[in-house]
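Have a look at the structure below, then the notes.
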Amino acid sequence: MAEDKEPRVAGGEAPVAPGPESGVPAREHPRPPHTSEELELIRRYALLAAATASGLKGEDIRILDMHGLVTYTDYLVVCSGRSVRQTRRIAEEVALKLKKELGLVPSHAEGEAHGEWILLDYLDFIVHVFTPEARRFYRLDVLWKEAPAEVIE
């Protein structure tokens, strides 16, 4: 694709540009790649998020290594809670733990009101907390099956 053309989505229409109007934080594209040391630090942050979810009995927790596949993030943390109440609790505790221990706050969060799919976007990694039904519907694990995955017990 030529650099001067807008990327297209299915149906040929241009995607909504990130920014305040769309509710999506603006990012520089493409971002420069991280060094191996930076990637390891980001992975440790994702591991802390995953461990926090595990401590709250989150299920089927995986860290997907996305840095070679996409330009918008390096890792996805994907987990399930058994209920909306549990997904909210997991997301709340992950956000609190990362803020308290690392000084990190998500640049964007959504889904807390409904609780079926809560997304915490830390830019370099993104935490997804699903109910089992929402996880089966969105199937991020299948969508990104080519991403190396680390399973958290």
Tell me whether segment 63-78 contains one or more residues that are touching a His at 6+ places or on another chain (Cβ under 7 Å), under 23 Å from residue 113 (Cα atoms), modelled with pLDDT under 95 and not in a helix (DSSP H, G or I). no
Test: residue 124 is acidic (Asp, Glu) and more than 11 Å from the chain's Cα centre (by Cα): no
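Out of segment 122-139, which residues are buried (at least 17 other Cβ atoms within 10 Å of the Cβ) and either in contact with a Phe, Trp or Tyr (Cβ under 9 Å, 6 or more places away or on another chain) or modelled with pLDDT under 95 (or both)? Can you show your working first?
Step one: filter segment 122-139 for residues buried (at least 17 other Cβ atoms within 10 Å of the Cβ), giving 122, 124-131, 134-135.
122, 124, 125, 126, 128, 129, 130, 131, 134, 135, listed by residue number.
Which one of these is in contact with a strand residue (DSSP E or B) (Cβ under 7 Å, 6 or more places away or on another chain), of a type in the set (Asp, Glu), modelled with pLDDT under 95 and surrounded by fewer than 17 Cβ atoms within 10 Å (Cβ to Cβ): 112, 59? Step through it out loud before you land on a result.
Numbers: 59 fails: modelled with pLDDT under 95.
Just a single option satisfies the conditions, and that option is 112.
The values are calculated or read from the model by the stated rules, or taken from the named source; none is laboratory data. Because the structure is a prediction, the values reported are computed rather than measured. As a convention, Cβ positions derive from the backbone with ideal geometry for all residues, glycine included, and neighbour counts pool all protein chains shown.
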